[in-house]
Structures are given as C-alpha cells and as structure tokens.
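Following: one structure in structure tokens, then a few remarks.
The values are calculated or read from the model by the stated rules, or taken from the named source; none is laboratory data. Source: prediction; values computed, not measured. Cβ placement follows ideal geometry from the backbone for every residue including glycine, while neighbour counts extend to all protein chains displayed. In case anyone asks, the SASA skips ligands and DNA or RNA and just uses the protein heavy atoms, side chains included. Shrake-Rupley method; radii C 1.70, N 1.55, O 1.52, S 1.80 Å.
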Amino acid sequence: ARNLEEFRRNNEDCKFVTCPKPYLRLCTKHVVVMDYVDGITISSPARLVEEGYDLTEIGTKLVDNYASQLLDDGFFHADPHPGNIEVFGGQIVFLDLGITGRLSPSLRRIMRDMIFSVAERDTPRLKSALLRLSSTSPDEVDHAELLADLDEVVDEILRQIESVQRDEIAGTSLA
C-alpha cells in the first residue's frame, strides 16, 4: 500500500498516469485494499484503438513517465509487464506495485549522463559514466578500444532511432 501511495504522490502532477488508490486504514501486512480498475490492458491494442486511444501516444507517454520514474523520482515500478499496465478514463494506470525499485541520486546522475552522451554522440562522456558505474578499475581498461566500441554502439543506437523516426514520418510505424 505504501508503494501505491508513493507512486501516486510522485505522479500527482502527471495528468496521464495514475495507480489505484489504496485505503491505508483498511490495509494489513497481508491485504491491500484499493480502488478497482476495469481498464484495457496494453496487451489489447485493437481494443484500445476501438475505444479511441492512440497507441503511439500511449507508448510515448509510457516512455516519458518511466524515464521520469527512473531519472527524476528514483522510485519505479519494477514489474511493468502488459498485465500490470492498463488504460482507463484516458489515463495509463500502473497496477500491482508489489515490486518496485529505487535508484540513488548518484546512480540517476550517471544514467542521465549516459543518455545525454548517447544523444550528443559524446563517447568520452559515455565512457566516463560507464566507468563510474563499473566495478572494474579504470587502470584495467583499454580506453582506446572501449571508445572505439562505444562509437560503434552509439552509431547503431542512433541509426535505429533515425530509422524509427523515418518510419513514423512515412506512416509505416508498428505503433
């Protein structure tokens, strides 16, 4: 129940994401009493479209919110399979917050550095972030080889992103 409360607090300003409201005074160590949500699971795309939802918009909002959970809040739903995510009343509803995770501020900074370094094709910055995350001593790393490998990885990631963007522009995306 506490996870539901924290998730609701973290997302109270987000109009498109919520979770069931828990009734703390009725909850025990073994029973969680909360609102019932009769939404459409994200594993039913045809039904979502039938009900007037835009799958691309749902996907974009899910990614945006999940990035916020990880990078801003440091508290995230750690079991986001399709059975735990529904759409109801125009909102994405995260269910079953029994498994959650936490990221420290320092780990969130490293993750942000990694994301921005990929977006900016800054492989030295990416290498630095990865080494801060690694348990390997920087003295044991072939820095030139690592940079060359990261250049290839970043180029491939950005090629794939550009390909998806081209498909969306051409209207052939599999949303």
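At-a-glance table
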{"quantity": "Filtered chymotrypsin sites (Phe, Trp or Tyr not before Pro), the range 1-60: DSSP coil and at most 11 other beta carbons within 10 Å", "calculated": "Y36"}
{"quantity": "Kirkwood Rh in Å, taken over the range 41-141 so that all alpha-carbon pairs contribute", "calculated": "15.8"}
{"quantity": "Paramagnetic reach from R47 in the range 79-94 [backbone N under 20 Å; point 7 Å along Cα→Cβ]", "calculated": "80-94"}
{"quantity": "Net charge over other residues, Cβ less than 11 angstrom from the Cβ of R108 (K, R count +1; D, E count -1)", "calculated": "0"}
{"quantity": "Solvent-accessible area, 1.4 Å probe, carbon plus sulfur percent, for the chain", "calculated": "53"}
{"quantity": "Computed accessible area, D122, all protein chains, 1.4 angstrom probe, square angstrom", "calculated": "50"}
{"quantity": "Reachable lysines from K61, criterion Cα separation under 21 angstrom, eight or more residues apart if same chain", "calculated": "K15, K21"}
{"quantity": "Test item: Cα-centred dipole of the range 56-131, Lys/Arg +1 and Asp/Glu -1 on Cβ, debye", "calculated": "420"}
{"quantity": "Solvent-free Debye scattering, log10 I(q)/I(0), computed from the Cα coordinates of the chain at q = 0.12, 0.13, 0.16 Å⁻¹", "calculated": "-0.74, -0.83, -1.07"}
{"quantity": "Heavy-atom surface of the chain, accessible at 1.4 Å and reported per residue (Å²)", "calculated": "64"}
{"quantity": "Nearby aspartates and glutamates by direct alpha-carbon distance to K127 (threshold 17 angstrom, same-chain neighbours under 8 apart not counted)", "calculated": "D113, D139, E140, D142, E145, D149, D151, E152, D155, E156"}
{"quantity": "Relative contact order (percent, whole number), the range 1-56, Cα cutoff 8 Å, 6+ residue spacing", "calculated": "23"}
{"quantity": "Relative contact order (%) - the range 64-175, alpha-carbon pairs under 8 angstrom, separation at least six", "calculated": "18"}
{"quantity": "Positive-end residue, the chain charge dipole about Cα centroid, Cβ charges, pick of L130, L24, L103", "calculated": "L24"}
{"quantity": "Cα Rg, Dmax (largest Cα-Cα span) when computed across the range 117-167, Å", "calculated": "12.7, 43"}
{"quantity": "Taking the C-alpha atoms of the range 1-67, convex hull volume expressed per residue in Å³", "calculated": "110"}
{"quantity": "Degrees between helix 105-119 axis and first principal axis of the chain (Cα, 0 to 90, nearest 10)", "calculated": "60"}
{"quantity": "Charge dipole (debye, nearest 20) of the range 18-175; +1 at Cβ of Lys and Arg, -1 at Cβ of Asp and Glu", "calculated": "840"}
{"quantity": "Residue-averaged 222 nm ellipticity for the chain, from DSSP H runs of 4+ at -39500 (n - 2.57), nearest 500", "calculated": "-15000 deg cm²/dmol"}
